[in-house]
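Notes for the one structure printed next.
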Amino acid sequence: HSVRVMLGHSAATYEQTCAAFAAGADGLVHCYNGMSRLHHREPGMVGAGLTTPRAWLELIADGHHVHPAAMRLCSCCAEQRIVLITDAMQAAGMPDGRFTLCGEAVEMRNGIVRTASGSLAGSTLSLDAAVRNMVELAGTAPEDAIHMASLHPARLLGIDDRLGSLRTGKCANVIALNDGLH
């Protein structure tokens, strides 16, 4: 099995990020978050990810980490390269309250987890909610949003010959969703 290299938590420039992709990096960890921003004069890591045809883009589609318009932009530029992730921490599924994340006190209010300074600290997003958010907030077709949570991650990991879609000979990992994607 090969190693996948994802870039993030960096202030790398567009050029540096493109060089990393050219050297074999596979994509961006939680696109838009923890990286140099997209700006029209310095496209940063986000710009490099959006414009590099082989780069995968992990996306926390909760509407808090990434604005719905930025989710749409990502989808317009790279719909077949988006991998939905949750970035969920231990508060996921719990009522609002105080938690510890990597030794730091964080607080969850209305499902949003923040540090004492106000920075986002992980999420409480579920993957089915991420799929719904891509459809409802970003205007993504349901089938494409489902691929972002199933087939695309398998392709990124190089295991799409076994997982990620329903095909003869593949493992049948199935989650049934209703018309509302619940």
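The values are calculated or read from the model by the stated rules, or taken from the named source; none is laboratory data. Keep in mind that what you see is a predicted model, and the values were worked out from it rather than measured. All Cβ positions, even for glycine, are placed from backbone atoms using ideal geometry, and neighbour counts span all protein chains on display.
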(message) Here is a check on your reading of the model: is A12 part of a loop (DSSP other than H, G, I, E, B) and in the same structural domain as L151 (by TED's automatic domain parsing)?
(response) yes
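With respect to E107, is the statement that it is under 27 Å from E79 (Cβ atoms) and either modelled with pLDDT under 95 or among the acidic types (D, E) (or both) true?
So E107 does not fit the description; no.
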(request) List every residue pair whose Cβ atoms sit under 9 Å apart, with the two residues 6 or more apart in sequence or on different chains, where the first one lies in the stretch 162-182 and is under 13 Å from R132 (Cβ atoms) and the second, anywhere, is of a type in the set (V, I, T). (result) L177/V131; L177/I146; L181/V131; L181/V135; L181/I146
(request) Kindly establish whether R98 is under 23 Å from T115 (Cα atoms) and surrounded by fewer than 18 Cβ atoms within 10 Å (Cβ to Cβ). (result) yes
(message) Among the residues of the stretch 109-118, are any outside the structural domain of H40 (by TED's automatic domain parsing) and touching a Ser or Thr at 6+ places or on another chain (Cβ under 7 Å)?
(response) yes
(request) Starting from the stretch 40-55, keep only residues that are free of Cβ contacts under 8 Å to residues at least 60 places away in the same chain and buried (at least 19 other Cβ atoms within 10 Å of the Cβ), then list their pairs with residues that are of a type in the set (F, W, Y) and part of a helix (DSSP H, G or I) whose Cβ atoms are within a distance under 8 Å, requiring at least 6 positions of separation or different chains. (result) P43/Y14; G44/Y14; M45/Y14; G47/Y14; A48/Y14; A48/F21; T52/F21; A55/F21
(message) So in the stretch 79-97, with the set limited to residues that are hydrophobic (A, V, I, L, M, F, W, C) and touching a Phe, Trp or Tyr at 6+ places or on another chain (Cβ under 9 Å), which one is farthest from L125 (Cα to Cα)?
(response) I82
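Scan the stretch 1-46 residue by residue and report those that are in contact with a strand residue (DSSP E or B) (Cβ under 9 Å, 6 or more places away or on another chain), among the β-branched types (V, I, T) and more than 21 Å from M71 (Cα to Cα).
Hit for the stretch 1-46 is V5, nothing else.
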(request) Kindly provide the set of residues from the stretch 15-36 that are part of a loop (DSSP other than H, G, I, E, B) and of a type in the set (D, E, K, R), ordered by number. (result) D26
(request) Among residues belonging to the stretch 54-90 that are aliphatic (A, V, I, L, M) and touching an Asp or Glu at 6+ places or on another chain (Cβ under 6 Å), point out the one that is nearest to V106 (Cα to Cα). (result) I60
(message) out of contact with any Gly (no Cβ under 8 Å at 6 or more places or on another chain) and in the same structural domain as T13 (by TED's automatic domain parsing): which single residue out of T51, T100 fits that description?
(response) T51
